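Just so it is clear, none of the values below were taken in a lab; they were calculated from the coordinates. Because the structure is predicted, anything quoted here is derived from the model rather than measured. Cβ placement follows ideal geometry from the backbone for every residue including glycine, while neighbour counts extend to all protein chains displayed.
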Amino acid sequence: MKILVTGGAGFIGSHVTDAYIAEGHDVVVVDDLSTGRREFVNPKAHFVRSNIFSDYAKLESLFREERFDLVNHHAAQVDVRVSVANPQLDAHVNILGTLNLLKCCTQFDVRQFLFVSSGGVLYGEPEKLPAREDFPKKPLSPYGVSKLTIEYYLFSYRLNFGLNYLALRYANVYGPRQTPKSEATAVSTFSRQMLNGEPPTIFGDGTQTRDYILIADIVRANLLATQKLLLLNKAVPHQLDDLAFNIGTGCEISVNEIYSQLKKQIGFVGQARYAPPRTGELLRSALSSAKAEKLLGFRAKTEFSEGLRQTIAWMRSQVL
């Protein structure tokens, strides 16, 4: 297939691009390099530096020339804090940028669309964990609102234009190539600080939890979703969650546990600093991937300690 990967110079998108190329697909990467890195782009991919929101003419021309079979949409404004400070910017990049892609898909007969949503922000503070896809949607940030809004647009495009799609609701992704400008997590932030001999800062008491999933598992989820996208679209969806899949481990890992494991693996001899909790931060989060296991054949395989080892090894190879 000929595949467009938006955000393909970024942490997650570049790994997905590598996997597509390894499977023999023809891949075009669109990225404005605001957070991605040119060196992350697979040399066998055709790279186009462009912004999907602000340069529609270039995007339209690319769709006309390339005639894509599938769009894998990773490009986004991903910083929750930026979305709170500037919701207009978040909406322009995430919502309007995606609508530009959808317009091109309908205009140039692209029949498949794989969208990266966020399970970590859609459900707010659920009454029980791990959260399932059909849990109430209670996004606390404009970033979460934008991701949920895009899912509704995709649902509408499926019904009105026949665009086949799947939405992957990621947990907290970590691993090699995660930089301060990308979707930074406590794993990448603490690793970088401790490898530089700096004490990490833990906001709150450190008992807050997240569902951490290694990039290699995320890549497998993308490949499985690509393989089964058309099959899962044979039936017309009746509700938003029909074509959405949580991609996580179902396990909660606290900030204190991350610090403890990293300290041991890195050999850090200092102590963490504790600071007041950040306003609006979720206390607990974890995603059930039972639906993804049943319908996509996906299950996270990598133990957290092994994922940390791979992350640390990559960071040691970089200029921190």
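Which one, 243, 139, 260, projects farthest toward the positive side of the charge dipole computed for the chain from Cβ point charges (K/R +1, D/E -1)? The residue sitting most towards the positive pole is 260. Around the Cα centre of the stretch 140-199, unit charges on the Cβ atoms of Lys, Arg, Asp and Glu (plus for the first two, minus for the last two) sum to a dipole of about 120 debye. Across q = 0.14, 0.15, 0.22, 0.26 Å⁻¹, the stretch 1-89 modelled as identical point scatterers on its alpha-carbon atoms has Debye log10 I(q)/I(0) values of -0.47, -0.54, -1.04, -1.32, in the order of the q list. Taking P(r) over Cα pairs in 10 Å bins from 0, in percent straight from the coordinates, which label in (i) 6, 27, 37, 23, 7, 1; (ii) 5, 19, 22, 17, 12, 11, 9, 5, 1, 0; (iii) 6, 26, 32, 22, 11, 3, 0 is the correct one? Computing P(r) over Cα pairs in 10 Å bins from 0, in percent and matching it to (i) 6, 27, 37, 23, 7, 1; (ii) 5, 19, 22, 17, 12, 11, 9, 5, 1, 0; (iii) 6, 26, 32, 22, 11, 3, 0 gives (i).
Between residue 127 and residue 317, the modelled label-to-label distance comes to 4.8 nm, taking each label 7 Å out from Cα in the direction of the beta carbon.
The charge dipole of the stretch 60-202, taken about its Cα centre with unit charges on the Cβ atoms of Lys, Arg (+1), Asp and Glu (-1) only, comes to about 100 debye. Here's the picture: charge each Lys and Arg Cβ at +1 and each Asp and Glu Cβ at -1 in the chain, and of 101, 201, 6 the one pushed furthest to the positive end of that dipole is 201. A full extension of the chain between residue 103 and residue 22 corresponds to an added length of 26.2 nm, given 0.36 nm per residue minus the alpha carbon distance. For the stretch 183-284, the set of chymotrypsin sites (Phe, Trp or Tyr not before Pro) satisfying both a DSSP loop assignment and a count of at most 15 other C-beta atoms within 10 Å is empty.
Beta-bridge orientation, the chain: approximately 5 percent antiparallel, per DSSP, counting only bridges with both partners inside.
With respect to the chain, whose longest principal axis is taken over its alpha-carbon atoms, helix 56-66 is tilted by about 70°. Helix 97-107 and the longest principal axis of the C-alpha atoms of the chain enclose an angle of approximately 30°. Partners of residue 2 within straight-line reach, counting lysines whose Cα lies under 22 Å from its Cα and excluding those fewer than 8 residues away in the same chain: 44, 58, 103, 228, 234. This ranking places 56, 170 by how few other beta-carbon atoms lie within 10 Å of each, fewest first, which gives 56, 170. Checking every one of the trypsin sites (Lys or Arg not before Pro) in the stretch 231-308 against DSSP loop status and a limit of 13 other Cβ atoms within 10 Å picks out 234, 278, 301.
Of the chymotrypsin sites (Phe, Trp or Tyr not before Pro) found in the stretch 96-139, the ones in coil according to DSSP and having at most 16 other Cβ atoms within 10 Å of their Cβ are 108. The angle between the Cα long axis of helix 304-316 and the longest principal axis of the Cα atoms of the chain comes to about 90 degrees, rounded to the nearest 10. For residue 260 and residue 96, the difference between the fully extended length at 0.36 nm per residue and the C-alpha to C-alpha distance is 54.9 nm. The slack between residue 228 and residue 201, meaning 0.36 nm per residue of separation minus the straight C-alpha distance, is 5.5 nm.
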